[in-house]
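To start, the structure under review is shown below, and the notes come after it.
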Amino acid sequence: MSRKRMTTKEEPLTKKKVFLVGSPNVGKSAIFNALTGSYVTVSNYPGTTVDIAYGKMRIGRHHKIDLVDTPGMYSLRPITAEEEVGRKLIFKENPDCILHIVDAKNLERMLPLTFQLIETGLPIILVLNLYDELRARGMQLDIAHLEHDIGIPVVETVATRGIGIDNLSSRIVEVIEDRYRFSPMKVEYSEEIKEKIQSIAKHLKNDYAISKETIASLIIQNDKTIIDMVKAEGSLKKIETLCSNLDFNHMADLISQQRREASQSIMAERSAGDDNRTRGGWKDKLSALMVHHIWGVPILGLVLWFGLYKFVGEFGAGTLVDFIETNIFEAIINPKVDLIFHKIFGENLFFGLFAGEYGIFTLGIRYAIAIIFPIVATFFIAFSIIEDTGYLPRLAMLLDRAFKKIGLSGRAVIPLTLGFGCDTMATIVTRTLESTRERVIATFLLSLAIPCSAQLGVLLGLMAGNPKMLFIWALTVSGVFMLAGFLCKHLIKGEDSGFFMELPPLRLPSFMNVFTKTYTRMIWYFKEVIPIFIVASIVIWLGKLTGIFDFLVNVISYPVQWAGMPKAASPAFLYGFFRRDFGVAGLFDLAKQGVLSGNGLLIAAVVLTLFVPCVAQFAVTWKERGKAMAIGMAVFIFPFAFCVGFLLNVLLNALGVSL
Amino acid sequence: MRCALCSHEFNEDSAKRSCSACFKIGKCEMIKCPKCGYEIPPEPEWIKKVKRLFHRGRRDGDL
C-alpha cells in the first residue's frame with residue numbers, strides 16, 4: 001500500500017501598503033527604521049523636490065509590506081510643499097493602513113490630526129512614540145481606555161530603544177488581516193457644519209480613496225487643491241452654489257476648534273500626572289524670549305559678543321594665533337625651514353618655492369596652521385555649542401521679519417547661516433528656497449556680504465582690540481546687506497514666500513556632541529584648505545618668477561589706494577580672488593607687521609568682506625544660476641566693494657574719526 | 001538623524017541622495033539634511049568605539 005504524502009498548500013504572500021504619518025520631531029524616522037531595517041530607498045515625489053522614503057518589511061511568512069514614510073504634516077490642510085505631497089500620497093495611494101505617529105507627551109495637540117485621518121475612512125493605528133519622555137515627566141496615559149474611546153488601535157513605543165515595535169507589528173497584521181473591529185470616534189461637529197458637509201458630500205459623484213465627508217469638509221474650508229480635483233466631476237457648480245455665502249475662514253476656525261475640544265475632553269479623561277514641572281519652565285520662557293522681535297535682539301547680541309568676538313576674535317585669533325606664530329613658527333619652524341632649504345638649494349630660485357617670503361612652508365603652511373587653524377577651531381567650537389543648544393532655528397524665526405524686507409523668508413537663514421561656514425556650499429543650498437527670486441537674492445547676498453568662517457574669524461581677530469572698529473565694520477557690512485537685499489526685492493519681480501519651521505526643544509550643549517562636530521568639521525576643513533594653500537603658494541611663486549604677480553599687484557593697487565588703503569595691502573586682495581581666507585590671512589600678516597592699522601585696516605576689512613566670491617563659489621554660482629548671472633554678480637561686486645571702501649574712507653575723514 | 005537646523009528627521013540614505021548634485025560628492029564627509037541642506041558632521045568610527053567601550057553608544061534614529 002502506498003502512502004500518500006500530505007502536503008499543506010502555502011498561503012500566498014499578501015502585499016500591503018502602510019503609510020507613516022505625523023508631524024516633525026515625533027520619531028517617525030525612528031519607527032520607520034525599526035520596522036524596515038536597512039531595506040530603504042529614497043526618491044522625489046514626481047514634480048517636486050520632496051523626498052519620500054520607501055521601505056519593505058516582512059511580518060511572519062505571509063505579509064510583505066511596503067512602508068512609506070510621508071513628509072511631516074500637522075494637518076490635512078497643507079501649508080508647506082511637504083504637507084501637500086504627504087496629503088497627495090494619502091489621497092491617491094489608498095494605503096491599507098496608516099500609522100499616525102505622535103509624541104506621547106503632546107498627544108492633546110496631535111489628536112486633531114488623528115481625527116482628520118479617521119474621517120478619511122482609512123484604517124488608522126495611533127502610535128504614541130517617545131513614551132519614555134512622557135513617563136519621565138510623571139505623566140501617564142490610560143492606553144486601554146484611550147483605545148476604547150477613539151475606537152482604533154493604540155500602541156505605545158520608544159522607537160530608539162526598540163520598545164513596543166513587536167506589539168506595533170502585531171497590530172499592523174491585525175489591521176491588514178481585517179481582524180480588528182474598528183469603531184472609530186467621529187468628532188461631534190455643530191449642526192451648521194454637519195449640515196454643510198452632508199449637503200456637499202451628497203453631490204460628489206466620483207469614488208475617491210478617502211471619504212466624501214473629508215472632501216466636503218476641505219471644500220468648506222476653501223481648499224483650492226481639493227476644489228480643483230472636484231472640478232473635473234462636473235458637479236462643481238452645484239457645490240459652488242451651496243458654498244456661495246459661506247465664510248470659509250469661520251468654517252475652518254470652527255472645525256479646528258471643535259476638534260481641539262474633542263481632543264481636550266479625551267485627554268481630561270485618559271491622562272494623569274503633572275506636566276507643570278516642565279511646561280512654562282525656564283527653557284520655554286527662554287525660548288520665547290529668543291524669538292521675540294525685541295528681546296531676541298539683545299540675546300543675539302550676547303551670543304555674538306561672547307561666542308564670536310570674545311572667544312573667536314580675542315582668544316582664538318589673538319591669544320592662540322600669537323602663541324603659535326611667535327613661539328612655534330617664528331621661533332622654530334621658519335628659521336629651520338630657511339636653513340634646510342638654503343642648504344639644499346642655496347640661492348637657487350627653488351629656495352623661494354619652499355621657504356623665504358612666499359614659500360610653501362613659510363607662507364602656505366604657516367597661514368593654514370598658525371593663523372587659520374586656531375581661528376577656525378575656536379569658530380567651530382562656538383558654532384557647535386550654539387548649534388547643539390537648538391538656538392539656530394530660533395535665530396531663523398527671529399530673522400524672518402527682517403528677511404521679509406529684503407525679499408526673503410526665514411527659510412533663507414539656512415543658506416545664509418551656512419555661508420558663515422562656507423559660501424560655496426551655501427550657494428548650492430539656495431536651491432532649497434521656494435522661488436527663483438529668493439534663490440537669486442540669496443545667492444547675490446552670499447557673494448556680496450557673507451564672510452566665510454575663517455575669513456570672519458580672522459577679521460574678528462584683526463579688530464578684537466578695537467570694539468569701535470568692529471562696530472563700524474559690522475554696521476557697514478550689515479547696512480550693505482540690507483540695502484542690497486531691499487533693492488533686489490524691488491527690482492526682481494515675484495511674490496514673497498511663507499515660512500514655517502518646527503522648533504526643537506532647547507537643551508544644554510553636550511560635550512561629546514560639541515567635540516564630535518568640531519573634530520569632524522576641522523578634519524574636513526583642513527583636508528580642503530591645506531592642499532589649496534600649498535597650491536596658492538606655488539601659484540604665487542610662479543607669479544613672482546614670471547613677473548605676473550607683481551603686474552597684477554600693481555594693477556589692483558590702484559583701486560586699493562583709491563579706497564584709502566596702503567599699497568602694501570594689494571597682495572591680500574589678489575590672494576582673495578582665490579580664497580577669501582588666504583586673503584584675510586594676508587591682511588593679518590600686514591596688521592601684525594604694523595603696515596596696516598587704524599582706518600586703513602577697517603577699510604581693508606570692509607572691502608575684503610564685500611569682495612568678489614572666491615573661485616570655487618564663482619564656479620558654483622555659474623552652475624546654479626547660470627553664466628550670465630555669475631559673471632554679472634562678479635563684475636558688479638568688484639568695483640562696488642572698492643566704492644564702499646572709498647565712501648567709508650570719505651565719511652570717516654569727514655567725521656574726523658581716527659581708529 | 002535629526003537636523004540641528006530645521007529638525008527634519010531622516011535616515012542617512014536620503015542624505016546621501018541629496019549630495020548627488022554637489023561637486024564635492026562623497027568628499028566632504030558631511031551628512032546633508034535632504035530638506036534644508038544643512039551639513040551635519042557624522043560621528044567618527046573611533047568615537048563610536050570609545051562610546052561602546054564605555055557603554056554610552058546610541059541607537060540609530062537618535063542624534
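The values are calculated or read from the model by the stated rules, or taken from the named source; none is laboratory data. Since the structure is predicted, the reported quantities are computational estimates derived from the model, not experimental observations. No Cβ is skipped: glycine too gets one built from the backbone with ideal geometry, and neighbour counts run over all protein chains shown. For accessibility, only protein heavy atoms count, side chains too; no ligands or nucleic acids. Shrake-Rupley method; radii C 1.70, N 1.55, O 1.52, S 1.80 Å.
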For this session: Determine, yes or no, whether A:ILE227 is open to solvent by less than 40 Å² (accessible area, probe 1.4 Å), assigned to a helix (DSSP H, G or I) and touching a helix residue (DSSP H, G or I) at 6+ places or on another chain (Cβ under 8 Å).
Result: yes
For this session: Scan the stretch A:390-402 residue by residue and report those that are under 10 Å from the mean Cα position of the chain (by Cα) and away from chain B (no Cβ under 11 Å).
Result: none
Exercise. Under 9 Å by Cβ, and 6 or more places apart or on different chains, what pairs join a residue from the stretch A:456-469 that is under 13 Å from A:GLY583 (Cα atoms) with one that is charged (D, E, K, R)?
Worked result: A:GLY457/A:ASP581; A:VAL458/A:ASP581
Problem set entry | Some residue of the stretch A:437-444 being out of contact with any helix residue (DSSP H, G or I) (no Cβ under 8 Å at 6 or more places or on another chain), in contact (Cβ under 8 Å) with a residue 24 or more places away in the chain and closer than 30 Å to B:ARG2 by Cα | yes
For this session: Report the residue count in the stretch A:99-123 for those that are of a type in the set (Asp, Glu) and either buried (at least 24 other Cβ atoms within 10 Å of the Cβ) or under 21 Å from A:GLU269 (Cα atoms) (or both).
Result: 2
For this session: Scan the stretch A:639-659 and report the pairs whose first residue is touching a residue at least 24 places away in the same chain (Cβ under 8 Å) and of a type in the set (A, V, I, L, M) and whose second residue is in a helix (DSSP H, G or I) and open to solvent by 60 Å² or more (accessible area, probe 1.4 Å), with Cβ atoms within less than 7 Å and a gap of 6+ or a chain change.
Result: A:LEU659/A:LYS468
Exercise. Given A:GLN617, A:GLN561, which one is in contact with a Lys or Arg (Cβ under 9 Å, 6 or more places away or on another chain) and surrounded by fewer than 20 Cβ atoms within 10 Å (Cβ to Cβ)?
Worked result: A:GLN561
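Per-residue answers, yes or no, for (1) away from every other protein chain (no Cβ under 14 Å); (2) at pLDDT below 85; (3) over 22 Å from A:VAL127 (Cβ atoms):
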residue	(1), (2), (3)
A:MET1	yes, yes, yes
A:SER38	no, yes, no
A:ARG61	yes, yes, yes
A:PRO71	no, no, no
A:SER75	yes, no, no
A:VAL85	no, no, no
A:PHE91	yes, no, no
A:LYS105	yes, no, no
Seminar exercise, completed: Matching residues in the stretch A:88-147 (aromatic (Phe, Trp, Tyr) and in contact with a strand residue (DSSP E or B) (Cβ under 9 Å, 6 or more places away or on another chain)) number 1
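In the stretch A:403-515, which helices (runs of 4 or more DSSP H) lie fully inside it and hold 3 or more residues that are within 20 Å of the chain's Cα centre (by Cα)? Please lay out each step first, then the result.
Values: elements: A:413-419, A:423-429, A:436-449, A:453-463, A:467-491.
Filter on the stretch A:403-515 gives A:413-419, A:423-429, A:436-449.
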Seminar exercise, completed: All-but-one check, A:ILE406 against (1) open to solvent by 20 Å² or more (accessible area, probe 1.4 Å); (2) at pLDDT 85 or above, failing number (1)
Exercise. Could you count how many residues in the stretch A:125-143 are surrounded by fewer than 19 Cβ atoms within 10 Å (Cβ to Cβ) and either part of a helix (DSSP H, G or I) or at pLDDT 85 or above (or both)?
Worked result: 6
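One line per residue, one yes/no per condition, for (1) open to solvent by less than 20 Å² (accessible area, probe 1.4 Å); (2) farther than 19 Å from A:ALA317 by Cβ; (3) out of contact with any strand residue (DSSP E or B) (no Cβ under 6 Å at 6 or more places or on another chain); (4) of a type in the set (Lys, Arg):
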{"site": "A:ALA568", "(1), (2), (3), (4)": "no, yes, yes, no"}
{"site": "A:GLY583", "(1), (2), (3), (4)": "yes, no, yes, no"}
{"site": "A:LEU587", "(1), (2), (3), (4)": "yes, no, yes, no"}
{"site": "A:LYS592", "(1), (2), (3), (4)": "no, no, yes, yes"}
{"site": "A:LEU596", "(1), (2), (3), (4)": "yes, no, yes, no"}
{"site": "A:LEU601", "(1), (2), (3), (4)": "yes, no, yes, no"}
Problem set entry | Scan of the stretch A:598-614 for residues that are free of Cβ contacts under 8 Å to residues at least 40 places away in the same chain and out of contact with any helix residue (DSSP H, G or I) (no Cβ under 6 Å at 6 or more places or on another chain), ordered by number | A:GLY600
For this session: Answer yes if at least one residue in the stretch A:355-369 is within 14 Å of chain B (Cβ to nearest Cβ), open to solvent by 10 Å² or more (accessible area, probe 1.4 Å) and at pLDDT below 85, and no otherwise.
Result: no
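Among A:GLY273, A:GLY318, which is the only one that is at pLDDT below 85 and open to solvent by less than 30 Å² (accessible area, probe 1.4 Å)?
Of A:GLY273, A:GLY318, the one residue that is at pLDDT below 85 and open to solvent by less than 30 Å² (accessible area, probe 1.4 Å) is A:GLY318.
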Exercise. Hey, which of the helices (runs of 4 or more DSSP H) in the stretch A:144-223, taking only ones fully inside, have at least 2 residues that are within 24 Å of A:ASN129 (Cβ to Cβ) and open to solvent by 60 Å² or more (accessible area, probe 1.4 Å)?
Worked result: A:165-176
For this session: List every residue pair whose Cβ atoms lie under 7 Å apart, where the two residues are 6 or more positions apart in sequence or sit on different chains, the first residue falls within the stretch A:552-563 and is within 13 Å of A:LEU608 (Cα to Cα), and the second residue, located anywhere, is open to solvent by 70 Å² or more (accessible area, probe 1.4 Å) and assigned to a helix (DSSP H, G or I).
Result: A:VAL560/A:LYS567
Problem set entry | Selected residue [charged (D, E, K, R), free of Cβ contacts under 8 Å to residues at least 12 places away in the same chain, open to solvent by 10 Å² or more (accessible area, probe 1.4 Å) and away from chain B (no Cβ under 14 Å)] from A:LYS544, A:LYS627 | A:LYS627
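Would you say A:GLU330 is over 26 Å from A:PRO504 (Cα atoms), of a type in the set (D, E, K, R), without any contact (Cβ under 8 Å) to a residue 24 or more places away in the chain and assigned to a helix (DSSP H, G or I)? So that I can check it myself, show each step before the final result.
On the way: over 26 Å from A:PRO504 (Cα atoms): yes; of a type in the set (D, E, K, R): yes; without any contact (Cβ under 8 Å) to a residue 24 or more places away in the chain: yes; assigned to a helix (DSSP H, G or I): yes.
Yes, satisfied.
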Exercise. Under the condition of being within 9 Å of chain B (Cβ to nearest Cβ) and buried (at least 24 other Cβ atoms within 10 Å of the Cβ), which residue from the stretch A:429-460 is farthest from A:ALA634 (Cα to Cα)?
Worked result: A:VAL429
Exercise. For the subset of the stretch A:507-541 comprising residues that are open to solvent by less than 20 Å² (accessible area, probe 1.4 Å) and polar (S, T, N, Q), which member is nearest to the other protein chains (Cβ to nearest Cβ)?
Worked result: A:THR520
Exercise. Yes or no: A:ILE344 aliphatic (A, V, I, L, M), open to solvent by 40 Å² or more (accessible area, probe 1.4 Å) and assigned to a helix (DSSP H, G or I)?
Worked result: yes
